[in-house]
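Below is one structure, written out as structure tokens; the observations come after it.
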Amino acid sequence: MPLRLQLLLVSLLVLVLPWAAHRYVQEMEGALRQGQQQALLATGRAVAQALAGQAAFDTQTEPTTEVVSPLYAGLLPHPINLDGYADDWANYAHDYQSVEFGSGVDGSTTLSYRIGIRQERLYLLLEIEDSDKVYYRPVESQANGDRVVLRLLAPDSAFDYYLIASSATGNFNAQRLGGRRLDQIGEPNYRIQGYWLERSEGYRMEIALPLDIAERGLDFFFIDVDSHSRDTFRWQGTADWRTSTKPTPLIHPSRELGEALKPFTPSGLRLRVTDNQGWLLAEQDRRGEATASEQSQQRGLWDAALIQLVRWSLGQEARPSPLRDRSGQLSGGLLNTALGGNSESDWFRQRRTDTPVIVAVAPIQLGTRIAGTVVVEQASDLVAALTELAFTRLFYLTLLVLFIVVVGLLGFASVLSWRVRRLRDAAENAVAADGTIRDDFPRSRSRDELGDLSRSYADLLDELRDYTGYLRRLASILSHELRTPLAVVKSSLENLQQLREGETAGAYLERARDGTERLGRLLSAMSEAGNVEQAVHNEEDEPVDLGALLASCVAGYRTAYPESRFELLLNGIDTDLRINGQPDLLAQLLDKLIDNAVSFSPADQPIQIRLNQESDRVLLSIINYGPLLPASLRNRLFDPMVTVREKRYDAPHLGLGLYIVRLIAERHHATVTAKNLPQAPGVEFLVSFPISK
């Protein structure tokens with residue numbers, strides 16, 4: 001069995017238990033959460049039924065046919081210091097809003113605002129970007145400079161206008177205007193006060209006024225005057241300065257509704273009430289009280305880390321809240337379901353604390369209309385505590401099992417380490433001090449990767465040993481083959497040097513030329529194998545008629561070797577017998593086999609070239625009736641630098657001919673073998689080719 005599979009099977013024993021435990025805890029957590037969702041739905045329905053009879057809720061949700069975007073003022077968490085800086089608004093939940101109306105807007109002037117209430121007072125934070133700041137000049141009787149206008153709805157349903165202008169950074173009080181005309185300035189109203197702060201990009205203003213004069217309706221406008229044309233102005237505001245006849249409604253949380261929610265809000269619960277547009281009318285949040293006792297418990301570092309591991313392990317994909325809070329207005333599919341008359345619940349995971357939170361929404365029905373919704377939220381701390389307890393116990397059990405398995409793995413790893421060290425030691429001692437490769441490398445019988453590696457090393461060392469022997473034989477053969485032609489050339493040159501007058505140098509020159517030609521043939525024979533190897537990889541195949549190729553080559557052999565007799569036996573095969581290959585390489589293969597046969601065949605015996613077909617292969621036989629193959633060379637006959645050729649010719653023999661035959665045969669997906677003839681002295685070389693389809 002492979003080593004990798006062995007380690008995998010052992011590791012699976014450790015993984016099964018935590019996986020099963022994890023699945024069990026997840027199922028338990030889902031069941032507990034489902035029960036908590038049903039409980040919150042029941043709470044939401046009960047609160048909705050109780051609020052349906054509250055007079056305060058009826059007043060807050062009077063039906064209207066106007067489609068107006070109201071102003072929403074949330075509860076400010078901290079007191080506001082009127083100093084023109086926005087630091088006091090840093091923890092306020094509602095961000096800046098932009099106004100929807102204006103004239104002559106070219107991008108150089110913008111108005112954004114934040115609005116909130118605290119202790120029966122309404123606060124406005126105005127951010128004004130104005131590239132051309134023009135201050136109010138008190139010496140002029142008419143209204144001038146950049147200014148802000150407040151429009152409030154009086155008890156008699158008439159509009160009250162108030163002007164806010166300043167000649168420099170500092171405190172201000174609003175001044176009453178005589179209607180929409182900006183030049184009819186009256187007495188200051190000290191109940192409306194604030195601070196005007198100049199900034200590099202414009203102004204910032206903080207305004208405070210009593211809530212009772214603004215809750216019937218409120219609008220505000222910024223009047224922008226250009227320094228080069230002070231008689232004309234542009235404006236931006238929450239309503240249309242020219243045509244609007246009704247104020248923008250002001251919506252804010254109701255103190256009476258908030259008090260009505262207190263009896264229904266136990267520790268750990270958050271209740272919110274909205275109107276039928278999703279605007280928040282009341283809220284009671286006691287979620288922090290439930291976690292206070294939990295936070296008071298001091299956990300150790302190990303317990304805290306374990307709890308974090310549990311939460312990470314059980315944490316599902318991040319689920320966003322099904323309710324979106326956009327500056328006091330709730331929205332989302334869950335709220336739409338409730339406004340359609342149906343109760344619904346869901347859960348999400350807080351990004352900051354990674355705590356799951358259950359949310360349920362129930363409709364508030366007044367008669368036949370849906371007047372609003374009740375939103376109930378609760379962190380599933382109890383569910384988390386139970387799942388953490390169960391997972392903690394399973395965690396310790398897993399640790400115990402893991403310890404047992406690790407001990408077993410350590411023992412198994414020790415055995416592997418011993419085998420690796422043994423293989424390393426054998427590899428380090430494979431080469432002897434004199435540079436020879438030892439033949440005692442251990443071959444493992446194991447059927448895993450280490451056993452394969454041991455056997456691969458042994459095979460590699462055998463090949464290196466053979467190659468080293470090949471290099472040594474190459475040096476010996478080259479030394480032997482080069483000595484004779486060099487001696488011939490040297491003696492010829494010495495004789496030429498000692499030549500007497502009247503003697504001819506032709507014989508000596510002929511001998512020197514023969515010696516150099518023999519040296520050239522020797523070098524050609526050495527490079528021939530490399531050329532064949534390159535041609536094997538570069539040439540492309542084509543259909544070759546093997547019978548016609550044999551007939552052509554044999555005719556050439558009869559001319560090249562007149563002292564030898566060649567017999568071509570096709571055995572009735574159709575001459576159009578094709579294989580895929582290269583004609584030049586196939587002819588070179590025949591040349592080497594014929595040259596080998598001529599070297600060993602007696603002059604009175606024929607050299608037979610036979611071509612047979614068996615099934616889907618073609619068999620080419622070259623038979624010579626010379627000496628038998630030595631038994632010691634049968635397995636190495638086609639290796640380089642192996643030869644038993646007698647020196648019957650002057651041509652050098654480096655033992656590369658049959659090596660080239662093997663390269664060409666392998667290039668054509670053929671096999672080549674050599675064997676002694678069973679009935680008579682002689683040797684048969686057999687090449688088996690696949691037939692072209």
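Read the figures in this text as sums done on the coordinates, not as results from a lab. What you see is a predicted model, and the numbers here were worked out from it, not measured in a lab. Cβ atoms come from the backbone with ideal geometry, glycine included; neighbour counts cover every protein chain shown.
Here the residues L611, L9, L509, L656, ranked from fewest to most Cβ neighbours within 10 Å of their Cβ, fall in the order L9, L509, L611, L656.
Per residue, the average separation of C-alpha pairs within less than 8 Å and at least 6 apart gives the range 80-206 a relative contact order of 23 percent. Select from G178, T110, T243 the residue farthest towards the positive end of the dipole of the range 71-248; place +1 on Cβ of Lys and Arg, -1 on Cβ of Asp and Glu, and compute about the Cα centre. Projecting each Cα onto the dipole axis, the largest value belongs to G178.
Across the range 170-175, computed HN-Hα scalar couplings (Karplus, 6.51 cos²θ - 1.76 cosθ + 1.60, θ = phi - 60°) run x, 6, 8, 10, 6, 10 Hz from first to last residue, x flagging Gly and Pro. Please give the FRET efficiency for E187 paired with E259, using the beta carbon to beta carbon distance and R0 = 41 Å, rounded to the nearest 0.05. Here the calculated transfer efficiency is 0.60.
With Cα atoms as the point set, the radius of gyration and Dmax of the range 71-248 evaluate to 15.2, 44 Å.
Here r is the Cβ-Cβ distance between T169 and R286 and R0 is 30 Å; the resulting FRET efficiency, rounded to 0.05, is 0.10.
Footprinting exposure proxy ranking of W347, W418, W196, fewest other C-beta atoms within 10 angstrom first, gives W418, W347, W196. Put the Cα centre of the range 254-287 next to the Cα centre of the range 667-693 and the gap is 99 Å.
Using 0.36 nm per residue and subtracting the Cα-Cα separation, the extra length available between D132 and N580 on full extension is 152.3 nm. One decimal place: the segment A587-E494 gains 29.2 nm when fully extended, by the rule 0.36 nm per residue minus the C-alpha distance.
For N571 and E540, what is the calculated FRET efficiency with R₀ set at 35 Å and r taken between the beta-carbons, to the nearest 0.05? Taking R0 as 35 Å, the efficiency between N571 and E540 is 0.70.
Note on R351 and V431: their simple-model spin labels are 6.2 nm apart, each label 7 Å out from Cα toward Cβ. Look at R199, R270 and count the other Cβ atoms within 10 Å of each Cβ; fewest to most, that gives R199, R270.
Suppose the chain between S327 and D462 were pulled fully straight at 0.36 nm per residue; how much longer would it get relative to their current alpha carbon spacing?
Values: separation 135, 0.36 × 135 = 48.60 nm, distance 8.21 nm.
Once the chain is fully extended between S327 and D462, it gains 40.4 nm.
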